[in-house]
Every structure is written in structure tokens, then in C-alpha cells.
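Data block below; observations after.
Quick note: the coordinates plus some simple rules give every number you see, no bench work behind them. This is a predicted model, so every value here is computed, not measured. With ideal geometry, Cβ positions are generated from the backbone for all residues, glycine too; neighbour counts draw on all protein chains shown.
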4 protein chains.
Amino acid sequence: MIAIGIAGYGYWGPNLARAVAASGCARVEMIADRMESACGRAALHHPAARLTEDIYAMIADPAVDAVMIATPVSTHFDMAMAALRAGKHVLVEKPMADTPARAAQLVDEAARRNLVLMVDHTFVYTGAVQKIAALIGNGDLGDLYYYDSTRVNLGIFQRDVDVIWDLAVHDFAILDRLMPSQPVAVSASAATCIAGSPANMAHLSVYYDDGAMAYLNVNWLSPVKIRQTVIGGSRQMVIYDDMQTSEKVKIYDSGATAGTDPYEPMVSYRMGDMHAPALSTKEALLTEVQEFTRCVEENATPLTDGISGLRVVEILAAATLSTQSRGFPVDLVQKKVA
Amino acid sequence: MIAIGIAGYGYWGPNLARAVAASGCARVEMIADRMESACGRAALHHPAARLTEDIYAMIADPAVDAVMIATPVSTHFDMAMAALRAGKHVLVEKPMADTPARAAQLVDEAARRNLVLMVDHTFVYTGAVQKIAALIGNGDLGDLYYYDSTRVNLGIFQRDVDVIWDLAVHDFAILDRLMPSQPVAVSASAATCIAGSPANMAHLSVYYDDGAMAYLNVNWLSPVKIRQTVIGGSRQMVIYDDMQTSEKVKIYDSGATAGTDPYEPMVSYRMGDMHAPALSTKEALLTEVQEFTRCVEENATPLTDGISGLRVVEILAAATLSTQSRGFPVDLVQKKVA
Amino acid sequence: MIAIGIAGYGYWGPNLARAVAASGCARVEMIADRMESACGRAALHHPAARLTEDIYAMIADPAVDAVMIATPVSTHFDMAMAALRAGKHVLVEKPMADTPARAAQLVDEAARRNLVLMVDHTFVYTGAVQKIAALIGNGDLGDLYYYDSTRVNLGIFQRDVDVIWDLAVHDFAILDRLMPSQPVAVSASAATCIAGSPANMAHLSVYYDDGAMAYLNVNWLSPVKIRQTVIGGSRQMVIYDDMQTSEKVKIYDSGATAGTDPYEPMVSYRMGDMHAPALSTKEALLTEVQEFTRCVEENATPLTDGISGLRVVEILAAATLSTQSRGFPVDLVQKKVA
Amino acid sequence: MIAIGIAGYGYWGPNLARAVAASGCARVEMIADRMESACGRAALHHPAARLTEDIYAMIADPAVDAVMIATPVSTHFDMAMAALRAGKHVLVEKPMADTPARAAQLVDEAARRNLVLMVDHTFVYTGAVQKIAALIGNGDLGDLYYYDSTRVNLGIFQRDVDVIWDLAVHDFAILDRLMPSQPVAVSASAATCIAGSPANMAHLSVYYDDGAMAYLNVNWLSPVKIRQTVIGGSRQMVIYDDMQTSEKVKIYDSGATAGTDPYEPMVSYRMGDMHAPALSTKEALLTEVQEFTRCVEENATPLTDGISGLRVVEILAAATLSTQSRGFPVDLVQKKVA
């Protein structure tokens, strides 16, 4: 059973610790958080784990096989690098690092040491995204035309990251899993409505090398919470509404095709059945922890490996750059797994 | 009673004719359409109107006081100009013309001849937009932060215009009515999923001179029809969902404000009551026809005058330009009523 | 082409006349309404039809092959009987008559004269009900457990009938089409909230001879309009929501089955996929008129024949009786087609 | 701080224990459950509580001031009676007892010993029901016409109680809080779709002495979960949808009034604004535990006292009786607080 050290026990760390405890294939060996109060809460829920306020001490602890990092983004690089250099496998909260260069360094370090480096792109492990990935993989949607996502709610304004790094990161992680081609450019606009706080709303257009488009609408200042994604394909289309308790994924056998007869309308429409498949109800985080431990044990590459984490950070950085010039398109250098 | 000539009896002309007949303040004097079959249908519903397949003959007819133009966009300029030169008041379908230069010429011609030039920005006359305009005008929403609209459905692919000129034009007309400041730049992306047809999906970001933003998402290839606009203000926020049969406009007493105490969270949230006011159920087109006849009789300026039509065409043209370079932002020259 | 006489041109008559004109297999020969104003409106829309304020004259007119009756319920019997005695085929608005005895007399008269007697149970001809009938007929739902319908809205309070005869009649017509067994008893409660007006809300429980149940909730005084029916079967379940513009019929592959192992839970659940089939968009009234003309031409029995109209009136009358004693159950004598 | 003993640590007991621990005004002194495994779970979450598999020993323990009973319904009477006789205050899970006679005995015993007897009618303490109670109390709804509730879902079939005692009990508890008058009769139908299991669906009509009606639709075999209640009043109407995460309570300024002018329509309609007030988000169970401890400390009568528990059991028993004769109405003897 793999011995896990949890770095950071604020908002997300407790979820990771709980998933590890429930996984049956790993145990919470240590929990580290700089705040004494966080350690107190950790003790209550994980009485068997050792606690420390010194995260680097935990990283260095020989009883720890792997480290899960759930600290602020700006500290991801230092901690993940320290853990890799200490020979530990690493699962790091998204976004993997605050710059593409630092993300790339982590990828290199993990490769050199033959350690598992995985990013916590949690949505990738949900029943909904797994189902959509299978549909696309099977060709059920046909050619992928677009991915159009609205991810808005009231709050929480973050201090250290803007709405793109906080919310759009989820869509970029999902896109990295779903899209069959690579993004080549991004155009983004962003604005803040509350003076002095990071950008709280943004709209992003992503261009793919096969002509597909992705559109993201993220906002911390919406009166209602919306989590809705429309995915258009040449054969079928999907609506993924994460706010629904049932029927989260609806598959529409609808579309349009170019006419070939010059005497007929240019485009003909098809409005067919709708199908909402039953989805796996297994908790995403549990699936993810099991994927991590499997990769550690089998020396395998996780679905959301460091390279995918790097690709997501690269596009986040490019989007930020574009917002600084009102949507000026920023080209993306394509990163493929070697 | 003002004598109206209807130019074009295809998709929209019958609605104009019906509204004129129902208005009580104007009558359908003539209907002109190049298609004999269209004239046949017109004869059935408006037995008292004179019919012709020669639109310019109708424009020149001395019995006609004013002309309503519901022909393809590319013909708007020629017909409206002919009507103005014949001394007729003009109501022209949106968009007013296919280029800003031509729209400006119509504005000048109407001004020189002291004729009413009005654009058929129908949504401006709905109970929903009237209510929202009143809320903004009263200051109920506070400072306007953003307008974020989704206007998508399956079909109808147009032959002569793309999705921006077909669907986004509605939002630009509404924005022209609602926004207290002027747009200064637009960044837009667009793509077509059906080879050989006009762009069927587009995302537009509009920058206003007071810092407000407008976002438009338009698509002819969505599996479901959505007509939803979120408007964020510093005091209240609005959701306008035109697909609802009741509660189309919801006003949320919710928001976020910057904290002033450095020991408190940076931003504090307020989630208050929601209010869905009863809206006028009077048909928008009827209100619009009555506005037109009132302006003709009183020599007044309509709410959606030629200048507003020009502003809308200018931003449409700028958006189209931006799409040609993947969202490169295009500046807008501000046009104010002299 | 069958020559139709329309009796009554108030609320529903214009719809019948329009459907006849559009059917391609019948023509509006005459329209009769006691009100001069109604005849005026009829003349406008059906210039080729002869008009009269004397309905019985129209019934007697030799040029009329068949009569469609859309007058108040209390007059259905007299007019339908007169038409049958004049040798005309009859389509009568629902409910067929105001008492079971009168409905039975009409059935007998039509049988004796070998004339088509059809009831305008419009919902039976909708794409939604046709689809559900096919599902049940194919055994897709398994054994039918229950039909549970909510049919509520604000208004219109009728003068001559209560909410059971106005709204529940639709469900009884649908049930007559869908249910594989016969109703054996009904228990109903009703009340009026507006003193002096007919009962505006009622709840009805209908017991079927195979153990199935139907529940109807009808109300003229609901703040929102609801048209939702849940149909539970042993294999699948259906939700039919007539207020949806798309996905009116949803089929759930969900259910519960009795456990057989005493050491396991008594009942086990199944929550599977949901499927929303594309439905025919053909107008129900058009289908109905074509069914009527087909039966006239082929001397066939319509899907909603006089017997089905009689069964519906019998259960309406029994429900009314039950409401007079706070839900005391009233037995139904089973009427089968001979 | 009041010392609480929790009897039963199965489904609901853990919630009670958690609420006590969070209340700040009581502590979990003991937890008793006949199952060793339940005690094990209790130990994990409430390490400071003493545990026992002998519930009666806990009831007798002098360190326990008050007992909360969350065991199967059939055991409520014996345990609550034992606790009262041991001089303990009692909070008992709903329904309070399995017969009205037993519920009445508990009320008498508590009164004789001057002990607090409270029933866990949790919904009464939700922000939604509190708001609706305030609206009715203020006269905002006018005269109450009806309460119409749909409470359906797939599962859980209970072994020891049918759907009326499992689900309708919630509505009877809410009605007991909301309705200004007393129920005088109930008519109910029920059926089971799974042979050998308790009735899984039921429809109930409740007649009140002021003419108001309550209708309940409960079902364990619905493909979707619905928790929706419509409340009609002469001035305003309410829709309470407990499945919504926001806008659970909507108040409609709509209604109908009898016309007085014989030349006008009999009933006129009003469709006004809709208002969704912000609701208290405090957990209902926490409010309830605080109400219980307040009443113990102040020797006060709780909002959901034994008398209200008795009234609810009486109507449950009457409804069950009615179902045995297909909706034959059963009169209720009115029970008022002395």
C-alpha cells in the first residue's frame, strides 16, 4: 500500500486525503500544512496520519512514497520539484505551475528520474467526461466542430489567480482529454468589475489545427451558477450540464449537412432522437487516486500526466497574454508527447 | 391614416403588413414583391391592398406615404434611397444596409429631406427589453459591468449573410438601446462547420468606453435553441431568457463589492431576492409600427432611428473584419447623434 | 372530396375549418353560427364557404356530407342527433354529450344508420400520444402500473362545465387510447375557490381491472401552467411534458423489481439511460380530419369513435358523482365495443 | 449544556448526533444502537460519547438529560414512553408513533410529568417552510385555497411502513404548521406495483373546515425525483420546489376574482410579478435541535410538540383507512391544543 504525504490541508487537501483513505490502495502517511489549525482538523479526520507544519520535512520523510500537492499555485513548482528530487512520485493540483517554463522543468525532472508526475485534472475522471471521451473516441460525434462552455457563478474571487487560471483551467483540462487535434492559437478578452481584484470574467476562443473551435465563458460575477458545455460534431451533438443531478450528458442525433443539389437548399437539417446515457457515479477523485497509485505501481503514464499539465499551463499563459491586448490572437507552439 | 407600401412579401413582410393592418393608425396601401406567388399570398390576406411585382413602381406611387422594406439585405440601400428620394418615409429591415458607408448615406439623405428613417430593431420594442431599459435608466442595476448573450439554435443557414449579420445584429440593436456608453473596440472569432456556407458560429467581445463589456455567442448549429442574456451591474443583475413563456426577465438582488478592511476578504458577496416583473404582452411589432406612424405624423425621431441603424452596421462590419484575423481587435469610431 | 359543414365558429370551430381546408381530402362547404359576428369572421377566412346563422338549416342542407360540431357541450346531443337523422356523418367536439345516456343514444343512432360518429379527442392524434401508444402496444413499458397527470393553469374558468369536464376530459380521452384494461371505479374530490363558479380544481383516482391506477390533477387556479404526465411500467417509465418545445416524451429505462433472495433487499432498483425520441410534428387536428374523411370514405371505424366518446362521458359522470360525496368511490360498468 | 442520548444510529441518528454536536447548546453524552457495527461508526465520529448496544440502559442512565429517538417507527412508543417515565425530555423521529392511541398516550405522559415532548418534523424548520409560514401568517396569501404537493422519486421501498407513512408524513407535518384551519376528512387511494411490498404510491385529498383542500401525491416508483408544492391563496400563490438549489420559494402575485358585473366575464384574472425571496440557509436540523434545547431549558412548548405529532399520526391512520376502501372519505376528529 502506497504511503502518501498530503501537502496543504486547506480547501482541496482534505478531499485528496479522504479519497486516498477510501481508495483501498494507498494510505495517508503524513499531512503537512503551515497552519496549526489545519493540522488540528487533519488530526481529527485522519488520526493515524503523522502531522507536521513543515511541508519540506514531510517531502523528505523516507516513509513517504508519493506526495500530493494542494497548496497555492505559486508554490506548486518549488514543492513538486523538491518532491521529485527526493525521489517521490507527485500528484499536483491544477494548474501544475504558474509558468510554462516551470511546468516544463517538472516534466523533465520526472522523466529523468523515471517518476510518476500527474496533474489533478479532476473533471477528466468524472463519469460525464469519460462518457464524452468514449463517444468522441468511437467516432459517434463524427468530426468535432466546436466545444462551447459556460462556467459562471457568483464568487469566489481568488486573490492569487484570475478567473482564467481558476475556472477556464477546468475546460482546458477537459479539452486536452477530448479534442483529437492540437490548439494553435487563442484569443481572449478579460475584465474585472471589482477594482483592485483579478480579472473576474473572460471569454476565450481557441483555434485547433483541424479547424475545430473551443469557446470558454468564465465569470465569478454571475447571478446564477451555470456549468454547461455544448459540443458540436458532424454526426451528433452533446450537451453536458454539470448542474443537473441526472441527465448530465445529453446526446442529440441532430445536425446539418451541406446540400449537393444546386436546386435544393444549401444546408439540410436533421433533428433526431435525444439520448441521455446512465453515467458512472463513482467519485472522480477516487478514480483519479486509483489511477495515480496504479501508475506508481506499474511505472505507467497517467491519463493526466505532466505533459498534459504543461499543455494546459501553456494555453493559460497564452490566453493571459491575449487578454492584455483585447483579444490579439496568440499562437501556440504545439507540444506533443515525444 | 398613413398609407404604407410594403416592399417584399417573403418571410418578414407579411408580419409588417399584419402589424400595419392591426395598428389602427396606418393602412396597407400597396404590397410589392418580385415573385408572383408572393403577390398571390398577399392578395389573400390583404384584399384591399394594391399589388405589384415592380417594387420601384410602388415606391414611386403617389398614394404611398411611407415604405417598409423587407427585402434581402443587399437591396436595402437601393430601395431605401429610392424611397427617400421619392419623398417617402422609410422603415427598413435590419441590418439597415450592407456597409457602414451606405448606411451613412441613407442617414444623410433622410436628414436632408427631413424624412423619417427608422430601422426595424424589433427586440427594442419587446416588453422585456423595455423593462430592462427602464431598470438601467433608473439606475436600478447600478454601474453596468457586462452584457453576455447566447443566441444559438439549429438552422437556418442563410445564403446571403453569415451568423453575425443574422443573429448578432439582434444583440447589437439591443445593446444600442441599453448601454449607457459607446463601444470602442470589438474582437470576434467565427467559423463555418459546413464547407461552402457562411460562418455559422461566432463569438464576439465588445469593449465599451466606460469599461463595460458585451459578449455575444451566436451559432446556427446548436442542438438546442437558447436565447439567454445575463446583464451584470454593480447593484443588481438580470437574466433575460426569451425562451421562457413566463418570467422572461429575472432581476437578482445579488452582487459583489470590494472590501475596504485589509483584514477582511477582498470581495464580499450579496445573494438577495429575485424578482420577475410582469411584462407588457403587447406585440413588439405593433408597438414599433405605432412608433413609426407617430414619428411620421409628429416629425419626430424614432427610438431606433437611422443613426442607431448606422451604429449597428458599423459594429457588424468591424466584427466581420476582426474574424478575418482570429480576433484581432478592431477599433470603432464613435458615432453620436449630432 | 367530402363536403363538410362546421357547426359553431367560436373558439374551436375556426381550428376545425382550417384543418379541413388544409386536409386536401375535404372542403368547407358551409359554416353555421348563431352569432352574426362569427359568420363575418368565417367569411373572411373561408370565402368559398356558404354561411348561415341557422345551424339546423346547414345540417339539413343536401350539399353537406358530414357535420363537425363545435358548439357548447349542452347542445352536442341535439345537433349530433339531428345530423345523424339527416344522414350525415358526424365529428363532435369532446365531451361527446353531457350525459352517458345521451352519448349512448348517439352511438346507437349512428350504428343503426351505418354512419361515422367520431369524437374530437384531439390529443389522441398528437405525435406524443401516438408514440406512447406505440411503446405500450409493443410492450416496451412492460406491465402498466400507473398514469399520473398534472394539467393545471391560471384560467379559463368556464361557465357551463367544471374543470373535470373541461380538463380531465383530455386525460380520459388519452387513457381510453393508452390503457390496455378498463376502468372499474373512480374516486374524485373537487372544490371551487371562487364562490358561484363551477369547481375549479379536482383530483381523481381511477382504478383499472388489472390493478393499474390513473391519477389526474386538474386546476384552473394554478400560478403556472403545467402539462405533465408520468407513466410507470414494469420495464420502463415515461414522462410526457407537453409544455416542452422539444423532448416532450422521455423514456426512462428505470424501475424496481421485487427481490427473490430473502437475504437481499426486498426491492432492487434500476436507473438506466433516458431516451427522448423525435416525434411526428404533423398537426394533430390535421391527422384527425384525415382519419375522419378516411372512415367516411371507407365506412371504417375511427380510432376515437362514438364508443370511446361514450366511455369518456361515463367516467366523467362517475367522477362528478364521486365529488359530491368527498371521494366516495363510484363503480363503472365496463363498456366494451360489441 | 444539555446531555443528549441518541437512540438508534442507522440512517437518521448520525444526522441528529452531528446537529447536536454542532448546536453549541447540547452535547452527545451517549449513543445507543443494537448493532455493534453502528456503535463502531458512532465511536469514529463522536469519540467523546459513551456507546452502548442497550438502548434502555442509555435511557435509564442518570447522566442523560434528554433522549432523541431515531429507531424504526414500531419501536417509537416503547422507547419514548420509557424515556418519559425515566424523567427524560424526548425528541422522537416522525411519525411519532404507529397508532393515534399510542401517540396520545405519549402526549399525556409528557404533560403529566411536565417534560418536553417534541417530534422531529424537520421540514418545519427549513428556511423555505419558515418563509411560507410567515407569508401565510402575515396574510400575504389571503385566504388559503389549496396545498398541492408532489413528492415522488425512485426508491427507497421501506419494509416497515408504506409510502404514506414514509413520504406523506412530511406534508402532513408541513400542513400542520401552515394551515390556519383543521382537517375534517381525508380520502386516499393507494396501490403497490411490486407484489408483496407496502403500497408505493398514493394520492390523498384532505378537506379542511374552512373549505381549503390539500392534495398529496407520493410515489416511490417515479423515474425522476420531484419535490414540488403549489399553494393557492386568494391574494397570492406560492410554488415551493425543494429540488431547486436556488429560488426554492416563488411567490406569484397572480389570482382570479369573481366578477360582480353581470355583463362582464364571471371570473377575472390577474397575472402579476413573481418574487423569489432569499431564504435562510441555516440547516433545519440545527434550528430544530436549538428549539429543543431552548424548550428544555425554558420549560417551553416546541413548535412541533407532541400534540402536532399526534395530529399527524391521526391523519396518517385515517388516510390508511381510506385507502382500504378506494377513497371512501374518513372523518377526522379535530384535536386542538387544550
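With Cβ to Cβ distances under 13 Å as the rule, what net charge do the other residues near D:PHE77 carry (K, R +1; D, E -1)?
After counting each charged neighbour, the total is -3.
Taking beta carbons within 10 Å but only from partner chains, what does the mean come to for residues C:266-279?
6
How big is the charge dipole of the protein assembly as shown about its Cα centre, in debye rounded to the nearest 20, if each Lys and Arg gets +1 on its Cβ and each Asp and Glu gets -1 on its Cβ?
Using only the charged Cβ atoms, the result is roughly 0 debye.
Taking a point 7 Å out from Cα toward Cβ as the label site, list the nm distances between D:VAL333 and the same residue in every other copy, smallest first.
Counterpart label points of D:VAL333 in the remaining copies fall at 4.2, 8.9, 9.2 nm.
If you add up the charges near C:ALA49, with Lys and Arg at +1 and Asp and Glu at -1, over every other residue whose beta carbon is less than 9 angstrom from its beta carbon, what do you get?
Taking every other residue near C:ALA49 into account, the sum is +1.
Per-residue counts of other Cβ atoms within 10 Å, averaged by peptide: what ranking do you get for D:91-98, C:303-310, highest first?
D:91-98, C:303-310
Across region D:262-303, what fraction of all alpha-carbon pairs, as a whole percent, falls in each successive 5 Å bin from zero upward?
Each 5 Å bin holds this share of Cα pairs: 5, 15, 11, 11, 9, 7, 7, 8, 8, 7, 7, 3, 1.
Viscosity 1.567 mPa s, temperature 4 °C: give me the Stokes-Einstein translational D for region D:1-136 in µm²/s, with Rh taken as the Kirkwood radius over C-alpha pairs.
85 µm²/s
Taking each residue of C:184-190 in turn, how many C-beta atoms of other protein chains fall within 10 Å of its C-beta, and what is the average?
Per residue, the average neighbour count from other chains is 5.
Could you work out, residue by residue across A:195-207, how many beta carbons of other chains sit within 10 Å of that residue's beta carbon, and then give the average as an integer?
Counting other chains' Cβ atoms within 10 Å and averaging over A:195-207 gives 5.
List the distances, in nm and shortest first, from the label point of B:ALA60 to the matching label points in every other copy, placing each point 7 Å from Cα along the Cα-to-Cβ direction.
Here the equivalent label points are 6.0, 9.8, 11.4 nm apart from this one.
Between D:SER246 and C:ASP143, with labels modelled 7 Å along Cα→Cβ, what's the label distance in nm to one decimal, could you check?
If labels sit at D:SER246 and C:ASP143, their model points lie 4.6 nm apart.
Counting each pair of different Cα atoms once, what's the Kirkwood radius of region B:161-236 in Å, rounded to one decimal?
13.5 Å
Restricting to region B:148-300, compute how many DSSP beta bridges are antiparallel as a %, nearest 5.
Among the beta bridges of region B:148-300, antiparallel pairing accounts for roughly 90 percent.
How big is the gap, in Å, between the Cα center of region B:293-318 and the Cα center of region B:43-112?
A separation of 14 Å, based on Cα centres.
Antiparallel DSSP bridges in chain C: what percent, to the nearest 5?
The antiparallel fraction comes to roughly 60 percent.
Of A:ILE174, A:ILE194, A:ILE164, which has the largest mean-square fluctuation in a 10 Å C-alpha GNM of chain A?
The residue that fluctuates most here is A:ILE194.
Pick from C:VAL20, C:VAL267, C:VAL107: which residue has the top mean-square fluctuation in a GNM of chain C where Cα pairs under 10 Å get a spring?
Checking each option, the largest mean-square fluctuation is seen for C:VAL267.
Divide, for the protein assembly as shown, the radius of gyration over alpha carbons by 2.2 N^0.38 Å, where N is the residue count.
Against the compact-globule rule of thumb, the ratio is 1.03.
Picking from C:ALA26, C:ALA191, C:ALA57, which is most flexible by a Gaussian network model of chain C using Cα springs under 10 Å?
Most flexible of the set in this elastic network: C:ALA57.
Using Cβ counts within 10 Å as a stand-in for footprinting exposure, how do A:HIS89, C:HIS275 rank, fewest first?
Listing A:HIS89, C:HIS275 from fewest to most nearby Cβ atoms yields C:HIS275, A:HIS89.
Mind pulling the per residue volume of the convex hull built on the Cα atoms of region B:158-301? Å³ is fine.
197 Å³
Share of antiparallel DSSP beta bridges in the protein assembly as shown, in percent to the nearest 5?
Antiparallel bridges make up about 60 percent of those DSSP assigns within the protein assembly as shown.
In whole Å, what are the extents of region B:282-338 along the principal axes defined by its C-alpha atoms, from largest to smallest?
46, 29, 12
Show that you can apply the helix-only estimate: for the protein assembly as shown, add -39,500 (n - 2.57) for every DSSP H stretch of four or more residues, divide by all residues, and state [θ] at 222 nm to the nearest 500.
-10000 deg cm²/dmol
If you take the alpha carbon radius of gyration of region B:111-155 and divide it by 2.2 N^0.38 Å, what ratio comes out, to two decimals?
It is 1.67.
For the pair A:ALA63/A:ASP210, report the inter-label distance in nm, with labels modelled 7 Å from Cα in the Cβ direction.
If labels sit at A:ALA63 and A:ASP210, their model points lie 5.0 nm apart.
With the cut-off at 30 Å, tell me which of the pairs A:LYS225/B:LYS282; A:LYS225/D:LYS282; A:LYS250/D:LYS282; B:LYS88/B:LYS282; A:LYS94/D:LYS250 have Cα atoms farther apart than that.
Long pairs (Cα-Cα over 30 Å): A:LYS225/B:LYS282; A:LYS250/D:LYS282; A:LYS94/D:LYS250.
Placing one identical point scatterer on every Cα of chain B and ignoring solvent, what is log10 I(q)/I(0) from the Debye formula at q = 0.07 Å⁻¹?
-0.31
What is the magnitude of the charge dipole of region A:22-162 about its Cα centre, with +1 placed on the Cβ of each Lys and Arg, -1 on the Cβ of each Asp and Glu, and no other charges, expressed in debye to the nearest 20?
In debye, rounded to 20, region A:22-162 gives about 220.
With an 8 Å cut-off on Cα pairs and a minimum separation of 6 or more residues, tell me the relative contact order of chain A in percent.
Result for chain A is 19 percent.
In nm, to one decimal, how far is the C:SER280 label point from the B:ALA134 one, both placed 7 Å along Cα→Cβ?
4.6 nm
Quick one: grab Rg to one decimal and Dmax as a whole number for region D:1-67, Cα atoms only, in Å.
10.4, 29
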